[in-house]
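Every read-out reported here was derived from the displayed coordinates using simple, explicitly stated rules and does not represent laboratory data. Just so you know, these numbers come straight off a predicted model, no measurement behind them. Note that each Cβ is placed from the backbone with ideal geometry, even for glycine, and that neighbours are counted across all protein chains shown.
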Amino acid sequence: MSKSDPNAPKRLALISSKGTLDWAYPPFILGSAAGAMGWEVGIFFTFYGLTLLKPELNALVSPLGNPAMPMKMPFGPEGFQNINWAMPNLLMANVPGFESLATNLMKQTFHNKGVATIEELREACLDLGVRLIGCQMTMDVFGFKQSDFIPQAEIGGAATFLEYAADADVQLFI
Amino acid sequence: MNDIEVIKEDLVLDCSGMLCPMPIVKTTKAIKELQSGQILKMIATDAGSPPDIAAWSRQTKNELLLSTTEGEKFIFFLKKA
């Protein structure tokens, strides 16, 4: 609803442009939190963010190009778990399977700490009426069809987002 | 007698072990099960929950009657608007 209606709920408009595990969290966390506070929420998925609309999520995390990313071990005594393991680029670039190792370590650490999975957060968003909208142009570029996505996903373009965001109280590009 | 012994809840929700944003997501679900004026007692261990529940309360108009701690736990009493 438009801001001209003083009784309209607040509105959050997000663009989700990245599909890695670490970048998948912010849009679904903010979307579900805003939905829980009674806000209207629309998340526009574009470029690599589109993969977050697939029924099966397989977001990975890469320490490559993420130079500040420390690695935490999800097992062992607390002192050991709290060590930040620096990951040299040479190691990350050359060891096969390193990304899946990093992904598993991050998932296990998040699980141990009590963080919900991306799947749970996306489900919470849908329960709370958050609209998930795929960007048509990037779907064409990357070869996605609407049938590749969860049935709740809508389709839209730049004008759809801009009109929605123009009446939003908070807009973020992630 | 302190406040925590005076307030009588209609529903208890334990969010111990959950991190942001699950405590407010679960709280939203739980409050939907109540009638206007009924009280939800929510228990959490997430250290971010005291400011988050206060913000959730301001945004949803469900009144935060009491925000307190019991050992390691944060306890909230929320009255449905």
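Inspect the stretch A:84-96 for any residue being under 28 Å from B:ASP46 (Cβ atoms) and not aromatic (Phe, Trp, Tyr) and give the result as yes or no. Scanning the stretch A:84-96, I find at least one residue that is under 28 Å from B:ASP46 (Cβ atoms) and not aromatic (Phe, Trp, Tyr), so the answer is yes. For the stretch A:16-56, taking the residues that are within 14 Å of chain B (Cβ to nearest Cβ) and assigned to a loop (DSSP other than H, G, I, E, B), the one that is farthest from A:GLU163 (Cα to Cα) is identified as A:MET37. Of the helices (runs of 4 or more DSSP H) that lie entirely inside the stretch A:84-174, those containing 2 or more residues that are hydrophobic (A, V, I, L, M, F, W, C) and within 14 Å of chain B (Cβ to nearest Cβ) span A:118-127.
Listed conditions (1) out of contact with any Asp or Glu (no Cβ under 8 Å at 6 or more places or on another chain); (2) closer than 13 Å to A:SER17 by Cα; (3) not polar (S, T, N, Q) are all met by A:GLY134, apart from (1).
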